[in-house]
1. Residues Thr346, Thr368: which one is free of Cβ contacts under 8 Å to residues at least 40 places away in the same chain, of a type outside the set (Lys, Arg) and open to solvent by 20 Å² or more (accessible area, probe 1.4 Å)?
2. Given (1) more than 27 Å from Phe262 (Cβ to Cβ); (2) surrounded by 16 or more Cβ atoms within 10 Å (Cβ to Cβ), identify the lone condition not met by His195.
3. Could we say that Tyr177 is under 17 Å from the mean Cα position of the chain (by Cα), under 30 Å from Leu283 (Cβ atoms) and either surrounded by fewer than 20 Cβ atoms within 10 Å (Cβ to Cβ) or modelled with pLDDT of 95 or more (or both) here?
4. Would you kindly identify the helices (runs of 4 or more DSSP H) lying entirely within the range 68-166 that contain at least 2 residues that are under 22 Å from Phe276 (Cα atoms)?
5. Here's a check for you: in the range 138-151, which residue that is more than 19 Å from the chain's Cα centre (by Cα) and open to solvent by 20 Å² or more (accessible area, probe 1.4 Å) is nearest to Thr28 (Cα to Cα)?
6. For residues that are modelled with pLDDT of 85 or more and either among the aromatic types (Phe, Trp, Tyr) or open to solvent by less than 10 Å² (accessible area, probe 1.4 Å) (or both), scanning just the range 280-298, find the one that is farthest from Ala417 (Cα to Cα).
7. Would you be able to tell me the number of residues in the range 376-408 that are among the aliphatic types (A, V, I, L, M), at pLDDT 85 or above and part of a helix (DSSP H, G or I)?
8. Contact list please: Cβ distance under 6 Å, first residue in the range 51-76 and open to solvent by less than 70 Å² (accessible area, probe 1.4 Å), second residue of a type in the set (Asp, Glu), pairs at least six apart or on different chains.
Amino acid sequence: MQKYSKFIITLLCICMFNTMVYAYEESTIEEVNVIRRKLDLNELKLNEKLNDAALSHSQYMVFNNSFSSIEEKGKKQYKGRYSWDRTSYFNYFNPYVSEFISRNIDKQDICHYLYNPYTRIIWLDPIYKDIGMAAHEGMSTYILGGAARDNNSTVIYPYDGQVLPYHWTQNQSVDAYKDLNIKRTDIGLPITISHYTDGKKIKRFVVNTVEIIDKATNQTIPYEVMKPSNNKYLNNTVVILPTQAYTPDTQYQFKIDIHIHFDNHKTEKVVYEGCFTVDKEILVTRLNIIESLIQILELPESRNSTYEFKDIDKSSSYAPYLYTALDNQLINGYPDKTFRPQSSMTKEAFYVVLIRAYEKVKGTIDITFKENIKNIYSVSFWARRSILKAEQLGLLDTEEFVKESKKPLTYSDYTKAMNQFSLLIQE
């Protein structure tokens, strides 16, 4: 009887685990399906065959320490060189397949794919109807699959009434802004106009009108236009790249008049007017900060389980970042045995962590100037030397900084400082 009880308990645990995983996958897919529904696109459906292919490739990446979409024959867990080879291995035979790999699998990961204009084009393509996803020990794979294009369609993002993030991150290797010679931090989310066709070849796009207008001030947002004629990564899309930040908690109107010319001498006009709202500026979490720092510093990854925090799952995708930061004395937990990864951090505390990170790889900074800095004593005593060191590195102006030293760190502050910090580390 005891033997059967153990079997039943084990079976129940497996069923509960599978249910939680399935629910998590469904909630993750819903992030993109919300957008697809608003754009009158078919929803993505979870496909078990694509799930199996995704899990297999995630395992391949872990077993072979290879962060790549290509598998090499003869290596452990090899199921096919390309994603379509692997989906066929798992009996998924629809001809259209796109694969994405990541180091974590969550809703935010999906958001990053929608924020980047190059990956957005694929995630919002009506041809895809199926999705699979799986993670294994920090490596994750997403696979989209589809059979055939039902009809021609033009998809404009954002949709009318959409709320866009004030801050967004560039998580892909191809960055649309890299050739514009502007800072990557202070920019609004790109707008895309994509035409999906079942065979007609697009000859060119003619952009007649684009306007992005702050409805409160009636000021226009400057932008650059990327299209197939000036961007090798595009073939069916015009990308409108704002070259300055949107204002948080503000509504914008955008107008588009574009002509699409096809090889068969036909022309389609895309005339559109809509509104979007930029969300309030959000605060940076402790986890955001340590993830960025560990990636910039390229410190050896740690999974030191001797650290015990009541609010940290040791098997989570972010645990290695946390343990690496702790091992290198970049940050500490709290006396109540919590780490509080989603808590915000004050500006002065952030610069303390930043200076610790800098000195970890560059050595101790000697404060070389002796001038009295006005109001330095309004900074907490434990942060003063770090603030002076940060000024010496050119990361801040102390006299301006002390006025806001105890305020929470915002994304605009954070991205500006991290860009400067990254350049200093590379020197």
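The values are calculated or read from the model by the stated rules, or taken from the named source; none is laboratory data. Please read all numbers here as calculations on a predicted model, not as lab measurements. Here the Cβ positions follow ideal geometry from the backbone for every residue, glycine too, while neighbour counts run over all protein chains shown. Surface accessibility is based on the protein's heavy atoms, side chains included, excluding ligands, DNA and RNA. Shrake-Rupley method; radii C 1.70, N 1.55, O 1.52, S 1.80 Å.
1. Values: Thr346 fails: free of Cβ contacts under 8 Å to residues at least 40 places away in the same chain.
The match here is Thr368.
2. (1)
3. Values: under 17 Å from the mean Cα position of the chain (by Cα): yes; under 30 Å from Leu283 (Cβ atoms): yes; either surrounded by fewer than 20 Cβ atoms within 10 Å (Cβ to Cβ) or modelled with pLDDT of 95 or more (or both): yes.
Criteria met by Tyr177.
4. So the answer is 107-115, 117-123.
5. Looking only at the range 138-151, we keep the residues that are more than 19 Å from the chain's Cα centre (by Cα), and these are 145-151.
Now restrict to residues that are open to solvent by 20 Å² or more (accessible area, probe 1.4 Å): 147-151.
Values: Ala147: 23, Ala148: 25, Arg149: 25, Asp150: 26, Asn151: 27 Å.
Result: Ala147.
6. Ile290
7. Let us first name the residues in the range 376-408 that are among the aliphatic types (A, V, I, L, M), namely 376, 379, 383, 387-388, 390, 393, 395-396, 402.
Restricting the remaining residues to those that are at pLDDT 85 or above gives 379, 383, 387-388, 390, 393, 395-396.
Checking the rest, the ones that are also part of a helix (DSSP H, G or I) come to 383, 387-388, 390.
Residues meeting the conditions: 4.
8. Qualifying pairs under 6 Å: Tyr60/Glu71; Val62/Glu137; Ser69/Glu99.
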